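Chemist: Please find one structure pasted underneath; my questions will follow.
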């Protein structure tokens, strides 16, 4: 059995793998329609050269360097080079506004920024110009800056060429206790806070995840498809350092619109994704199967029914023939859509609706739901086949991770994975870190097999006017499983009953308009009693399975989908309740008066 070595820092882990792998391919990206690879050895040389360049332009250990880029090989190289120079990476989302960038630059005290494209520089540079410390700009692509002004520009290629360095010269002196990066939380409830993740926290996560792969699946030549933004803690650890620990290849996806094609081309063995993507894939797979005819639809229905029985522990010997038949007919076809060699899809970043997990298990795709938060680097636990997959749990804690449930039900975590604190925010640090325990803000229980079950976010729990609690994520998850509803947020704190904001599913809407012979003009549809009745029927289907307290009595239709661009979703696709309440609050309040 292979175990991950004990490394002093993340750069040492990378250099060890690079020395082992040499000229084997490591980082892949699409160029002119073709996948192009960069070897471990070449990547290590570029990391060493950029680290030398950063030192040459005046950066010293402890300096913060902001990184603004889409997922690409240069992201990984920059991150490792920053750490190799003894500096601290400050990753930020490509979707950030100028105001977001200004907050993070000023709060982190970043001395330099690395930006990939001219498009991303448009929102970054105005913030950098006004910043008190950030005067160095390293541009991966040509920015065509006509006037530098107060900023000092350094082209990426020139910096590497002028400081071409052998990887053996890297003196990575960071300890496991030293800060590796400051990752700003995505701000579901307000301004982002900078989480200080130390090298040991991320290495702890990598060790725990590698242990799961080795013990439950076997550690082989792994291939990852990187899709989620690397500025998110989940992808930063799970989509970059976890693969490095495994010595795996990383392919950078071309984006959501090409994700399905990329999966078939790359044939990944592992992928980390968020629940929203699973819900989209579930809908697409179901529709694709339905188009193949009645037999395929019948088999999918039988697979789902059998999956539900397995999840409930009620499958028996009489189900074995159908299980074998599905394993020879339906499942292989669907598995080919995922490249044919996927070991597991790992869900994290937000709660997964159990029915979605059961669906993928039923069609032969192993799905592991993980749990964590940025403050824990970020993985706390993950489902494991050897323990038993149970879709309403997030599995047992990673190795060397302590978890206990407080008297009020809050999940507490202790171990090397726990952050040292929030950057320049002692009050918030003291609020969540007490006696070495991270107070997660999540409510949950631990079952007889040691698996954690999340019941809700402590701060998101809705308390109605009778003092009864409602877990919004559960109800919202059930609403978005309906084909008519794409997104939902429920509301009802200190109110007599629950109401909701609904985003109708666009494909269902098109189909409904075609059946009704009406034009798909959403403003007109929003006023259509027939359209609202159809959506109301979806809500009523959900209400049947809810308690009286949880049921949705009334709803309003959203003006537009919840999106990152309108700041109603975080970059990890979680709804920003405070933003949605500000937009729809008056209309939701009016539902109690009408």
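Chemist: Mind pulling the angle between the C-alpha long axis of helix 40-56 and the longest principal axis of the chain? Nearest 10 degrees, somewhere in 0 to 90.
Modeler: Taking the Cα atoms of the chain, the angle to 40-56 is about 60 degrees.
Chemist: If neighbour count is taken as other Cβ atoms inside 10 Å, put 454, 183 in order from fewest to most.
Modeler: 454, 183
Chemist: Taking only Cα atoms, what is the 0 to 90° angle, nearest 10, from helix 10-21's long axis to the longest principal axis of the chain?
Modeler: 90
Chemist: I would also like to ask the following. How much length is gained on full extension from residue 523 to residue 582, taking 0.36 nm per residue of separation minus their Cα-Cα distance?
Modeler: This chain segment gains 19.1 nm when fully extended.
Chemist: Test of understanding: ordering 136, 57, 250 by Cβ neighbours within 10 Å, fewest first, what list do you get?
Modeler: 57, 136, 250
Chemist: Would you work out if region 195-251 is rounded, prolate or oblate? Take a ≥ b ≥ c from the square roots of the eigenvalues of the alpha-carbon gyration tensor; rounded if a/c is under 1.5, else prolate when a/b is larger than b/c, oblate otherwise.
Modeler: oblate
Chemist: Shifting gears a bit: Given R₀ = 25 Å, what would the calculated FRET efficiency be for residue 41 paired with residue 161, taking r from the Cβ atoms and rounding to 0.05?
Modeler: 0.90
Chemist: Now, a different point. Per DSSP H run of at least 4 residues, take -39500 (n - 2.57); add these up for the chain, divide by its residues and hand me the 222 nm value, nearest 500 deg cm²/dmol.
Modeler: Result for the chain: -11500 deg cm²/dmol, rounded to the nearest 500.
Chemist: How much length, in nm to one decimal, is gained on full extension between residue 341 and residue 55, taken as 0.36 nm per residue of separation minus their Cα-Cα distance?
Modeler: 98.7 nm
Chemist: Right, next: Which shape class applies to region 29-124: rounded if a/c is under 1.5, otherwise prolate when a/b exceeds b/c and oblate if not, where a ≥ b ≥ c are the square roots of the Cα gyration tensor eigenvalues?
Modeler: Oblate is the answer for region 29-124, as a/c is 1.5 or above yet b/c matches or exceeds a/b.
Chemist: If you don't mind, another one. Give me the angle, in degrees from 0 to 90, between the Cα long axis of helix 294-311 and the longest principal axis of the Cα atoms of the chain, rounded to the nearest 10.
Modeler: With both axes taken from Cα atoms, the answer is about 80 degrees.
Chemist: Next up: Any chance you could get the radius of gyration and Dmax over the Cα atoms of region 447-588, in Å?
Modeler: 16.0, 55
Chemist: Now for a separate question. Which FRET efficiency, nearest 0.05, do residue 324 and residue 288 yield, Cβ-Cβ r, R0 22 Å?
Modeler: Approximately 0.40, to the nearest 0.05.
Chemist: What percentage of all Cα-Cα pairs in region 310-442 are separated by more than 27 Å?
Modeler: For region 310-442, the share of Cα pairs beyond 27 Å comes to 35 percent.
Chemist: Quick check on region 162-261: of the DSSP beta bridges with both residues there, what percent are antiparallel, nearest 5%?
Modeler: 55
Chemist: Rank-order 298-306, 550-558, 538-546 by packing density, defined as the average count of other C-beta atoms within 10 Å over each peptide's residues, highest first.
Modeler: 550-558, 298-306, 538-546
Chemist: Could you calculate the contour length gain from residue 430 to residue 493, that is, 0.36 nm times the residue separation minus the distance between their Cα atoms, to one decimal place in nm?
Modeler: Between residue 430 and residue 493, full extension yields an extra 19.9 nm.
Chemist: In what sequence do 442, 392 fall when counting other Cβ within 10 Å, fewest first?
Modeler: Lowest count first: 392, 442.
Chemist: While we're on this one: Starting from one equal scatterer on each C-alpha and no solvent at all, send me the Debye-based log10 I(q)/I(0) for the chain at q = 0.08 Å⁻¹, two decimals.
Modeler: Summing over Cα pairs of the chain leads to -0.58.
Chemist: Measuring from label point to label point, each 7 Å out along Cα→Cβ, what is the residue 3 to residue 122 span in nm?
Modeler: The answer from the label model is 5.3 nm.
Chemist: May I ask you to order 45-51, 60-66, 91-97 by the average number of other C-beta atoms within 10 Å around their residues, highest value first?
Modeler: 45-51, 91-97, 60-66
Each value in this text was obtained by applying a stated rule to the coordinates, not by laboratory testing. From a predicted model like this one, the values you see are computed outputs, not experimental measurements. When we count neighbours, we look across all protein chains shown, and the Cβ atoms used for this are built from the backbone with ideal geometry, even at glycine.
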